[in-house]
Amino acid sequence: MSFLYPTLGTLLILAIFLFIVGRQNRDLLRVRAYREFLMRLLPLISAGIFILGLSLSMNMAAPENVLPVLLVYLGGTGVLAVFMSRLTATEERRAGALFRREEYEGAAALYEQLIAQYPLPRYYSALGASLDVSGDHRGALEATNQAIKLDPKLGVAYYNRASALAALGERERARDDLQTVFIVDSNRRLRRAAEEALASLEKS
């Protein structure tokens, strides 16, 4: 029984996920944070290496055990990928979870710790967002300024700085930053949020 086509199909799916994850983390490449970028791809790369050994494992299995071995192999690969992904950027995920739970001070403290270890633009931008919703608009402005200085193409940093600027009454600068979101590296969701923020600025 040939497992060539299932193996190739699975590798193709992994390649698509690799592309998506890589695209989501391309800001790391812009600031040459290659180690952090690779760490985010590592779970999928590891799964790909295991999938490459699928045909060999199946050929070594007795015919009556092919299906159980296949299920165990694929299940183990999936568990490994999930486990490794949980070990990747743990503190970053914790900070993001705190932010989503509206525990903004805790999120800001974690982002400050992350910046002390890895001064990445994404962390400065996230720190700015946490400080902004906590009411520290000046601190948010300082953090997002640093994010943009390190990575002038980081769209979310312009969005977060616009929020701080608007809160400080600097509407024109906020409008400029929101318009910049459409020019630099931004996903569809962020651009939609920028459109809504621009419309809100026009009404107020």
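Bear in mind that the values in this text are calculations on the coordinates, not laboratory data. What you see is a predicted model, and the numbers here were worked out from it, not measured in a lab. Using ideal geometry, Cβ is built from the backbone for each residue, glycine included, and neighbour counts are taken over all protein chains shown.
Tabulated data for the structure shown
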{"item": "Inter-site label distance for Ala116 and Ala15 at 7 Å from Cα along Cβ, in nm", "result": "4.4"}
{"item": "Which of Leu178, Leu38, Leu11 has the fewest Cβ neighbours within 10 Å, and the rest in rising order", "result": "Leu38, Leu11, Leu178"}
{"item": "When the convex hull of its Cα atoms is projected in every direction, mean area for the stretch 91-203 (nm²)", "result": "6.4"}
{"item": "Most positive-pole-ward Cα, Leu120, Ala143, Gly155, against dipole of the stretch 91-203 from beta carbon charges", "result": "Gly155"}
